[in-house]
Amino acid sequence: MTDWLGPAEWGAVALSLRVAMSATLVSLPLGVFVAYALARWRFPGREVLNVLVHLPLILPPVVTGYLLLLTFGTRGPVGGFLDDAFGVTVAFRWTGAALAAGVMAFPFMVRAVRLSIEAVDPKLEQAAATLGASRAWVFVTVTLPLILPGIIAGTVLTFAKGMGEFGATITFVSNIPGQTRTIPLAIDLLLETPGGEARAARLAGLSIVLAASALAVSEWVSRRVAARVGGA
Amino acid sequence: MLDVAVRHAFADFTLDAAFRAPPGVTVLFGRSGSGKTTLVNAVAGLLMPDGGRIKAGDWTLLDTEAGVRLKPHRRRLGYIFQEGRLFPHLTVRQNLAYGAWFAPKGAPREDPARVVELLGIGHLLGRRPGALSGGEKQRVAIGRALLSAPRLILADEPLAALDAARKAEILPYFERLRDEVEVPILYVSHSASEVARLASTVIALEAGRVVAQGPAVQVLGDAGAMGARGAASVLTARVVRHHADGLSELAAAAGPLWLPRVAAREGAVIRVRIAAHDVILSRTRPEGLSALNHLSGTVTAIRPGEGPGALVTLDVGGDRLAARITRRSAQAMGLATGQPCHAVIKSVSVAPEDVGHADQAAND
């Protein structure tokens, strides 16, 4: 087993899973909230928010990583504040890698959820309100169950993106073993190391398996949910 | 007592309607675009009007002068929508229970078993709305509204999306609701026969304003409110006997009525809607006519309408009967108020959808 992949590579796999899961867990509620706001509310700055959310999708990842470094680096406005106030540092830590992954994957999450929210008939939510459900209850009992397929799709996309994020991560938090060296960063390093191709290929194969499994699980869950929601 | 006064200005339409209605079924009647749905949505709180007052009994839903604007979920309503709007992810049982989750503990509520029985939906409880027919969906929607322990039931053209057969299936449930459930009902319709069958009170709307309001019997005979083609009378009659030749013999205040077999047991009191344009008038007692129904009465009003028609109202044994005839006939017959007159109605002109169970409350 150790021959197949070294401890360093297994470390990269574990780190990738941790980074991707953290990024997904944090961006899930935030993504649903932003998607709901964009889909249902009209407020000043809505377009700005929309552009901001989609920016990581269209910017070169290196630029996103650089902007993260400027903002969340120890001397950046947010990073400095987090350091002073809470003693929390994200720069060059696995939390920074998770942040980069989350930011890069955020547009995927928001798009998937937003599409499903826009497909929910507001008339159903009105009906729930006339039956006595407050806004929060309407969301929990009607909107949320109906957008569950979109949330699952968004979660899987976010997780897969988190597993594969490279450009912003390496720019923001560099390539530190055990802290920020996720699977793609490890592959990149192995490819530049003499004799590392075989391990790189195995890591690449493993990431394909992980991504494909995540997709398969989400398809299965989505079908079950869709069967419930569809009813017919 | 339902007390509604609502003002709201849209870009191209102004709603300014006020009415009061006693308990029972109050029907908002009018063409599409007359503001019926807007008014009901204001009662539901789905539209916050510029100003107004809405009270159901002592329950104030809206009073802009006093600064009361209850949110929809605090209004304690059962809203039956045109398209059902059942929750697709919940079973029929869960849909029915939805409103009860949010109703205050101890609120007077219908017994779920009785409602399920009343609506005949017991066999559907485990299904999801996707697997129901249009008529079944609408029955579940009625049940869901009823079981939310509402203080007022709203129904916005609940039959409009259904075909004639399904309408005939659902309408009796609303009659039972009216007769067996204490909660007042505000019912939107543009169908004169629905109005005739269900309404205790009719509020006629036109271009956002109330053009007529009052007991069903009175407003239905009003051509101004119903439109000349919609004018009709509603007679209450008791079923005396179903005869073997397919006719039912009824006893109205004015005398016997013969109709195609009605779906009511002998002894039941029913309402019959008679369209004004199906009534023929005669100064002398008609003889040798094929029509079976002859009622004699007195002319109480002659109102020339637009165009060649006139609406003649008779008092037949205490009931109002409206007849739409041409002005030329009225002149040729020398009709005048106070004169005795005979009305002739063909039995077959009364369609089954024009016959319904009487609203006991309104007639007592």
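The values are calculated or read from the model by the stated rules, or taken from the named source; none is laboratory data. Please read these numbers as outputs of a predicted model, since none were measured by experiment. Using ideal geometry, Cβ is built from the backbone for each residue, glycine included, and neighbour counts are taken over all protein chains shown. The area values use the complete protein model at the heavy-atom level, side chains included, leaving out ligands, DNA and RNA. Shrake-Rupley method; radii C 1.70, N 1.55, O 1.52, S 1.80 Å.
Below is a table of values for the structure above.
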{"read-out": "Segments A:162-170, B:203-211 sorted - mean Cβ within 10 Å per residue, highest first", "value": "A:162-170, B:203-211"}
{"read-out": "Ranked order, B:Thr38, B:Thr14 - accessible area, probe 1.4 Å, largest first", "value": "B:Thr14, B:Thr38"}
{"read-out": "Sulfur and carbon atoms: percent of accessible area, the protein assembly as shown [1.4 Å]", "value": "59"}
{"read-out": "Part-to-part distance (alpha-carbon centres) for the stretch A:84-142 and the stretch B:252-311, which is given in Å", "value": "65"}
{"read-out": "Solvent exposure, largest accessible area first (probe 1.4 Å, DNA, RNA and ligands not counted), of B:His277, B:His73", "value": "B:His277, B:His73"}
{"read-out": "Burial ranking of peptide ranges B:174-180, A:194-200 (average Cβ count within 10 Å, highest at the top)", "value": "B:174-180, A:194-200"}
{"read-out": "Cα long-axis angle, helix B:134-146 against chain B (0 to 90 degrees, to the nearest 10)", "value": "70"}
{"read-out": "Simple label model, 7 Å out from Cα along Cβ direction - A:Lys123 to A:Arg224, nm", "value": "3.2"}
{"read-out": "Alpha carbon convex hull of the stretch B:158-315, projected area averaged over orientations, nm²", "value": "11.5"}
{"read-out": "Label-to-label distance, nm, for residues given as B:Arg261 and A:Trp10 (7 Å Cα→Cβ offset)", "value": "8.5"}
{"read-out": "Residue mean of other protein chain beta carbons inside 10 Å, B:98-105", "value": "4"}
{"read-out": "Backbone HN-Hα couplings from phi across the stretch B:247-260 [Karplus 6.51/-1.76/1.60, Hz, Gly and Pro as x]", "value": "9, 10, 9, 10, 10, 9, 4, 7, x, x, 10, 10, 10, x"}
{"read-out": "Relative frequency of Cα-Cα separations exceeding 29 Å in chain B, percent", "value": "45"}
{"read-out": "Relative contact order for the stretch B:1-115, counting Cα pairs under 8 Å that sit 6 or more residues apart, in percent", "value": "21"}
{"read-out": "Peptide-level mean, for B:75-84, of C-beta atoms on other protein chains within 10 Å", "value": "3"}
{"read-out": "Spacing of the two label points (7 Å from each Cα toward its C-beta) at B:Ala336 and A:Leu70, in nm", "value": "9.8"}
{"read-out": "Net dipole in debye of the protein assembly as shown [+1 Lys, Arg Cβ; -1 Asp, Glu Cβ; about Cα centre; nearest 20]", "value": "340"}
{"read-out": "Share of Cα-Cα pairs in the stretch A:7-230 lying beyond 31 Å, as whole percent", "value": "30"}
{"read-out": "A:Ala198-A:Arg93 FRET efficiency (beta carbon distance; Förster radius 30 Å; 0.05 resolution)", "value": "0.50"}
{"read-out": "Estimated [θ] at 222 nm from DSSP helical runs (n ≥ 4, -39500 (n - 2.57)) normalised by residues in chain A, nearest 500", "value": "-25500 deg cm²/dmol"}
{"read-out": "Per-residue SASA entry for B:Ser193, accessible area with 1.4 Å probe, Å² rounded to 10", "value": "20"}
{"read-out": "Heavy atoms of B:Tyr79: accessible area, 1.4 Å probe, square angstrom to 10", "value": "10"}
{"read-out": "For the stretch A:167-232: relative contact order, % (alpha-carbon pairs under 8 angstrom, 6 or more apart)", "value": "18"}
{"read-out": "Rule-of-thumb Rg ratio for the stretch B:232-363 [Cα; 2.2 N^0.38 Å; N residues]", "value": "1.05"}
{"read-out": "Distant-in-sequence amide H partners of B:Ser248 (H built 1.01 Å from N, under 5 Å)", "value": "B:His243, B:Leu259, B:Arg261, B:Val262"}
{"read-out": "Value of D in µm² per second that Stokes-Einstein yields for the stretch B:86-147, Kirkwood Rh from Cα pairs, at 37 °C (0.692 mPa s)", "value": "284"}
{"read-out": "C-alpha long axis of helix A:144-164 to longest principal axis of chain A, angle in °", "value": "10"}
{"read-out": "Which of A:Met104, A:Met21 is most accessible, then next, and so on - probe 1.4 Å", "value": "A:Met21, A:Met104"}
{"read-out": "Interchain or long-range residues, amide H under 5 Å from B:Glu206's placed H", "value": "B:Val211"}
{"read-out": "Potential extension, B:Val269-B:Ser349 segment - 0.36 nm per residue separation minus Cα distance", "value": "26.8 nm"}
{"read-out": "R0 of 25 Å, Cβ-Cβ distance B:Leu292-B:Ala253: FRET efficiency to nearest 0.05", "value": "0.90"}
{"read-out": "Degrees between helix B:164-180 axis and first principal axis of chain B (Cα, 0 to 90, nearest 10)", "value": "80"}
{"read-out": "Neighbouring partner chain Cβ atoms per residue of A:130-143, average, 10 Å criterion", "value": "6"}
{"read-out": "Additional length obtainable on full extension of the chain from B:Trp101 to B:Thr300, 0.36 nm per residue less Cα span", "value": "66.2 nm"}
{"read-out": "Rel. contact order, % - alpha carbon contacts under 8 angstrom, at least six apart, chain B", "value": "16"}
{"read-out": "Alpha-carbon centroids, the stretch A:149-164 and the stretch B:6-23: separation in whole Å", "value": "49"}
{"read-out": "Two-site FRET efficiency, B:Arg176 against A:Arg46, from Cβ-Cβ distance with R₀ of 51 Å, rounded to 0.05", "value": "0.55"}
{"read-out": "Nearest-10 value in Å² for the accessible area of B:Lys137, using the 1.4 Å probe", "value": "70"}
{"read-out": "Alpha-carbon centroids, the stretch A:44-75 and the stretch B:158-172: separation in whole Å", "value": "56"}
{"read-out": "Nonlocal amide H pairs with B:Phe87, under 5 Å, H built at 1.01 Å", "value": "none"}
{"read-out": "Kirkwood Rh, Cα atoms: Rg over Rh of the protein assembly as shown", "value": "1.19"}
